[in-house]
Amino acid sequence: MEPFLYDSPDFQKELADSVHLAGEVNFLTSLAERGMRVIDAGAHRGVTAVALAKKIGNAGHVYAFEPALCANNLETQTIRRNNQMADFHETQISKAILNAYHQKLSDRIVSDVLIVGAGPAGMTAAFYLAQKGIKVTLLEKRLAPGGGIWGGGMAMNEAVVQDDALGLLDEIGVRHESGDANLHTVDAIELAAGLALKTVQCGAVVLNLITVEDVCVRKHRVTGVAANRTMIAEALPVDPITFSARAVIDATGHEASVVESLRRRDLLANSAADRRLGEGPMDALSGEAFVVENVREVFPGLWVAGMSVCATLGGPRMGPIFGGMLLSGKRVAELVCSTLTKEN
Ligand code: 48F
């Protein structure tokens, strides 16, 4: 005897062909009602147990007993197969989301590293930090992680990377095509989606639709951020909640919004970041070098990576070339990791 799938055409034919079995099922299911408790003593292959379970639904129970255990645990296999088809209530979907999200959010109120912005720099940093077993959480204000990757250049969804970043693409399993002058093209969708997938699979958690509104500072050190639902931030008089970490990375791109919340309060006075926010004019070659070489801790506990390096320190903009963003994310991960290790 084989386990069966009750709703499959094969089993329904078998049922229709057996006058005795079909009659038994029809009779018993005509007595059953949603939410009932039923004992099936002598369940055999489990046909009546499954038929009754379908009628009764998740609100009830069928207790099926079969003393003659078949060699390959037939009843268990049958019930498992048919459970995949079991019905469910809408409220169970809601509860599943609430419970899983509550657990995820609650676990991420305190992290080792908080990354603000899930663009190419932020996600690459998260990928390398998470690989080292560091508890890293990304807060992203938009629906989808990926930042400026999706649109390539002028909404042509191809991204360009230079030789130096190919190893990194290979590590995350993103394909690339060789072009001229040591430049390579990458499908922007594959880059954004591939980076997001690897980042999450390595253990980093992305919380999307969360906008960082402010920074937490204690004893002249950044200790976390204040964040709100994007739909609420700056739209309604609702307070944010806080997330804390030993290191915060501003990977918010051109906005450098975490740095800005310190600068507008003059907390960056006398540092290299003590300047009006904004990058210089386009110079792709210099910009790509600047964004990697100038990754740094701009204030105790606060690091910059990606385009926010150029916006904070005045480096040139570079347009739709993404190698520097990825390498900048990798660099900040190395520096933050070595700082956290020293502090331990
Ligand atoms: O802008 P974005 O892609 O920054 P990046 O990683 O890469 C820059 C390139 O995309 C491109 C470029 C290439 O040469 O110049 O611009 O440095 O990703 C930044 C992410 O941060 C999010 C934003 O939605 C985006 O996904 N972000 C910005 N401000 C906040 C934020 C905030 N206050 N809270 C949460 N997320």
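Distance from the Cα centroid of the stretch 281-342 to that of the stretch 20-37 is 68 Å (rounded to whole angstrom).
Potential lengthening of the chain between ARG264 and ILE109 amounts to 53.2 nm, from the contour at 0.36 nm per residue minus the alpha-carbon distance. The label-point distance for HIS44 and MET1, in a model that sets each label 7 Å from Cα toward Cβ, rounds to 0.7 nm. For the stretch 104-343, lysine pairs with C-alpha atoms less than 17 angstrom apart, excluding pairs fewer than eight positions apart on the same chain, total 8. Summed over the residues of the chain and divided among them, the accessible surface reaches 52 Å² per residue at a probe radius of 1.4 Å.
Entry note, the chain: relative contact order of 16 percent, from Cα contacts under 8 Å with a spacing of 6+ residues.
At 0.36 nm per residue, minus the direct Cα-Cα distance, what do THR185 and GLN77 gain on full extension? Give it in nm, one decimal, please. Each step should come with its number before you reach the end.
Numbers: separation 108, 0.36 × 108 = 38.88 nm, distance 4.90 nm.
Stretched out fully, the THR185 to GLN77 stretch lengthens by 34.0 nm.
Of the peptides 276-282, 58-64, 249-255, 223-229, the order by per-residue mean of other Cβ atoms within 10 Å, starting with the highest, comes out as 249-255, 223-229, 58-64, 276-282.
Its DSSP H runs of at least 4 residues, each contributing -39,500 (n - 2.57), put the calculated 222 nm mean residue ellipticity of the chain at -12500 deg cm²/dmol, to the nearest 500.
Rounded to whole numbers, the Karplus 3J(HN,Hα) couplings from phi for the stretch 247-258 are 9, 10, 10, 7, 10, 8, x, 4, 6, 6, 6, 6 Hz, using 6.51 cos²θ - 1.76 cosθ + 1.60 with θ = phi - 60°, and x at Gly and Pro.
Between the Cα long axis of helix 90-107 and the first principal axis of the chain there is an angle of about 40°, rounded to the nearest 10.
Residue-normalised convex hull volume from the C-alpha trace of the chain: 218 Å³ per residue.
Against the chain, whose longest principal axis is taken from its Cα atoms, helix 74-83 shows a tilt of about 50°. With a simple spin-label model that places each label point 7 Å from the Cα along the Cα-to-Cβ direction, the separation between GLN12 and ASN157 comes to 3.8 nm. Taking only Cα atoms and a 10 Å spring cutoff, compute GNM fluctuations for the chain and point out the largest among ARG218, ARG275, ARG331. Largest GNM mean-square fluctuation: ARG218. Working from Cα positions, state the angle (0 to 90°, nearest 10) between the long axis of helix 47-56 and the longest principal axis of the chain. The angle comes out at about 60 degrees. Largest accessible area first, the residues ILE56, ILE232, ILE97, ILE189 order themselves as ILE97, ILE189, ILE232, ILE56 under a 1.4 Å probe with ligands, DNA and RNA left out.
The values are calculated or read from the model by the stated rules, or taken from the named source; none is laboratory data. Fair warning: this is a prediction, and the values are worked out from it, not measured in the lab. In this analysis, Cβ positions are derived from the backbone assuming ideal geometry, glycine residues included, and neighbour counts consider all displayed protein chains. All accessible areas refer to the heavy atoms of the entire protein, side chains included, with ligands and DNA or RNA removed. Shrake-Rupley method; radii C 1.70, N 1.55, O 1.52, S 1.80 Å.
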